[in-house]
Amino acid sequence: MPNSNNQLNFDSNKPFVLIRRKEEPDVLVLTGTARALEKLDDIPRPGGIDKRGEVFDTISAIPFAQIKERGFRVRDDGAKILCLQIEKETRVPLKVILAGLPDESVEFDGGITHDYSETEYEAIIKNVIEKEIGNGEGANFVIPRLGRAKIKNMSVVKALAMYKNLLRQEKGSYWSFLFYDGERYLLGATPERHISIREGRVKMNPISGTMRKAAGDPGEFKNDLMAFLRNEKEINELFMVVDEELKMMAKLCSQGGMIIGPLLKEMANLIHTEYLLSGKSQLDAITLLRDSMFAATVTGSPVENACNIIYKYEPQARRYYGSAIALLGRDASGRETLDSPILIRCFEIGQDGQVLMAAGSTLVRDSIPADEVEETKIKLKGLLGTIQKSGAAAKASLLPALDNDEEIQELLQQRNQSLSKFWFFNQENENTLVPELAGKTVTIIENEDDFVFMAKHILARMGLVVNLVRYNDYDETADRSDLVIVGPGPGNPNDADSAKMKKLNSIMADLLAKQRKFLGICLGHQVLCRALGLAVVKKDEPFQGVPAVIDYFGRPELVGFYNTFTGKYAAPVAGVEFAFDKYNGDINALRAARFAGFQFHPESILTQHGHDILKEILLHLLCSKES
């Protein structure tokens, strides 16, 4: 709090946290006792109603290595959960904070050093695009470039001055924060919510797509913005991260949810596009936090295999980059609250002034390595600028002048026209029950891709009883479900040495031999094609996150693909009907009396009528006389 001289004083031996949330008029000042914890379950959670009403109990900085709690592979250098058990919380007006924070010059002892050169980083990006995305390991990946520097004469006063510089310059941040546990500082302005919960309502904010604001008149800005909103690469990048975070929402929010947007977010020097995902859940805050680690915007998708790729290409632990801060509390009724931003655009600073920072970009099938290197350079330079420019104020906002611009609004809304309507309606109030399917049982085999949670959610809303089983835990002899779905996943279906592919080939042979009713999706479809004696080949260009209109058994359908391999049509197969591309022979779908396969993802937001396609094939397999 300010003293009589209107200065903010903090003891260098006592932990504190300063947060400006979502550009609120006040800054939250938290003080208390710091602890280093091993597990999320170690975070104190008092519970119950507090006589003060709504309160915050703890704030914790979570290391990226905590994703090990999900069983994912990760480099772990021993970084702990930094937890502040809050003893006092105060809200201070922003103007008072700015007046009370010190002005100090921020000087560096030398320049930025990197763990690898630009040439080495470009080579890594190229390998990820060609060898990982190009071989079916995922749709997109984020491999950051780490930078290191040293601040001269580092102190608490210096940290407060840097936070003041950041507050003055940055805008549009979800959080602008300074976290000090008595030993190290985490300082940053992150644009993106990871996850929040209040009154059982869970929200996530996937952000992707970046436009740098150039100097110019309003007309030039509008032209730049319209070009950005028409950019297919930027559009598809956002759709891919929405799909990935919808997987999490489908897993966490069994009571339904919806998508809101797209929205524009203006930062000091950038414009982003984002969506808001909202759903209801009865899960506790720690479970929600654990099962949502971590956002596709900082890992890639699917998240589990993205962690394998990160482990392969990043020689150092990420420490706190790409993870989250978790502010836990209780509302006036005693219900848990959680507000958690993603830890990006931030610094980790030691008492000796050693600085660790990182910046990355989303790598997709058509990324240009040199451009991605340049983007990270600009981001790292911008990061340093936000803490060095004493007295500098944020530039005026440009978006408000276009709030009612019809052309901009039309471009934004056009993005949703081709997307799945199922995910844009509030499912809590929608009757999606299919009486003929109600009570039927389905086993979905999970192959390291959480798309299965979206499929499960859609099927459950139709009234089916769905059980998820990981591929290596599936027991063909014990499964008595009415239908089996062999789900999507990363990998090369032709890899004879892969334990996963061997297991899936065994499962497929058993399903066919026993004349079980089943559906294969993406990887499952490819395994089915191989079992039918069809060639499965690598596509000339990966189809990761690609919407395309296909001939779906005689009618056009806009569907979403996430595949690098495809089955090829060569000749008729007795009893099997094919929907294939007449020009290249790619098999987009197939169906028979007792089984079917989709190379596309009917559960994805990219498949416009995915709900109806699934309903139709399930009625065919489970309810038609011929099956």
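No value in this document is a laboratory result; all are computed from the given coordinates. Treat the numbers as computed from the prediction; the structure is a model and nothing was measured. Positions of Cβ are generated from backbone atoms using ideal geometry, with glycine treated the same way; all protein chains shown enter the neighbour counts.
At 0.36 nm per residue, minus the direct Cα-Cα distance, what do Glu616 and Leu512 gain on full extension? Give it in nm, one decimal, please.
Gain on extension, Glu616 to Leu512, equals 35.3 nm.
Given the convex hull of the Cα atoms of the chain, what is a quarter of its surface area in nm²?
Values: hull surface 116.6 nm².
So the Cα hull casts an average projection of 29.1 nm².
Among the listed pairs Lys502/Lys582; Lys131/Lys381; Lys312/Lys539; Lys22/Lys150; Lys502/Lys538; Lys22/Lys379, which have their C-alpha atoms separated by more than 27 angstrom in this model?
Where the Cα-Cα span goes over 27 Å, the pairs concerned are Lys502/Lys582; Lys131/Lys381; Lys22/Lys150.
So how tilted is helix 451-462 from the main axis of the chain? Cα-based, degrees 0 to 90, rounded to 10.
70
Cut-off under 12 Å on the C-alpha distance; same-chain residues fewer than 8 positions from Lys280 excluded. Which aspartates and glutamates are left, in chain and number order?
By straight Cα distance, Lys280 reaches Glu199, Glu428.
I want to check the label-to-label distance for Gln414 and Ala460. Put each point 7 Å from Cα in the C-beta direction and report it in nm to one decimal.
Here the modelled spin labels are 3.7 nm apart.
Ratio of alpha-carbon Rg to the 2.2 N^0.38 Å globular estimate for the stretch 165-311, to two decimals, please.
So the stretch 165-311 has a normalised radius of gyration of 1.16.
With no solvent and one point per C-alpha, what does the Debye sum give as log10 I(q)/I(0) for the stretch 129-241 at q = 0.15, 0.18 Å⁻¹?
-1.07, -1.19
Work out how much length Ala99 to Val537 would gain on full extension: take 0.36 nm times their residue separation and subtract the Cα-Cα distance, in nm to one decimal. The partial results should precede the final answer.
Numbers: separation 438, 0.36 × 438 = 157.68 nm, distance 6.45 nm.
Length gained between Ala99 and Val537: 151.2 nm.
Return an integer: the convex hull volume of the alpha-carbon atoms of the stretch 395-469, in Å³ per residue.
Each residue corresponds to 167 Å³ of Cα convex hull volume.
Based on alpha-carbon atoms only, what is the radius of gyration of the stretch 424-623 relative to the globular estimate 2.2 N^0.38 Å?
0.95
Mind pulling the angle between the C-alpha long axis of helix 156-169 and the longest principal axis of the chain? Nearest 10 degrees, somewhere in 0 to 90.
Relative to the chain, helix 156-169 is tipped by roughly 60 degrees.
Could you rank the peptides 485-491, 78-84 by their average count of other C-beta atoms within 10 Å per residue, with the highest value first? Walk me through the numbers before you get to the answer.
On the way: 485-491: 26.7, 78-84: 19.9.
Highest-to-lowest ranking by the protection proxy: 485-491, 78-84.
Please go through the stretch 577-616 and write out the chymotrypsin sites (Phe, Trp or Tyr not before Pro) that DSSP classes as loop and that have at most 10 other C-beta atoms within 10 Å.
Sparse-neighbourhood loop chymotrypsin sites (Phe, Trp or Tyr not before Pro): Tyr583.
Over 25 Å between C-alpha atoms is what I'm after, so list which of Lys126/Lys377; Lys39/Lys251; Lys251/Lys440; Lys68/Lys158; Lys203/Lys456 land there. Let's see the in-between values first.
Values: Lys126/Lys377 17 Å; Lys39/Lys251 22 Å; Lys251/Lys440 20 Å; Lys68/Lys158 34 Å; Lys203/Lys456 20 Å.
Exceeds cut-off: Lys68/Lys158.
Using the alpha carbon gyration tensor of the stretch 458-528, what are the three equivalent-ellipsoid semi-axes (square root of 5 times each eigenvalue), largest first, in whole Å?
21, 14, 11
Once the other residues with Cβ under 9 Å from the Cβ of Ser208 are scored (Lys, Arg +1; Asp, Glu -1), what is the net sum? List each step's numbers first, then the result.
Details: positive: none; negative: Glu234, Glu237, Glu274.
Result for the local shell: -3.
If each DSSP helix of 4+ residues adds -39,500 (n - 2.57) and the sum is divided by the residues in the chain, what number results at 222 nm, nearest 500 deg cm²/dmol?
-8500 deg cm²/dmol
Along the principal axes of its C-alpha atoms, what lengths does the stretch 284-422 span, in descending order and rounded to whole Å?
Extents along the principal axes: 52, 45, 40 Å.
Against the empirical 2.2 N^0.38 Å scaling, what ratio does the C-alpha Rg of the stretch 102-143 come to? It would help to have the intermediate numbers written out before the result.
Values: Rg = 17.3 Å, N = 42, 2.2 N^0.38 = 9.1 Å.
Rounded to two decimals, the normalised Rg is 1.90.
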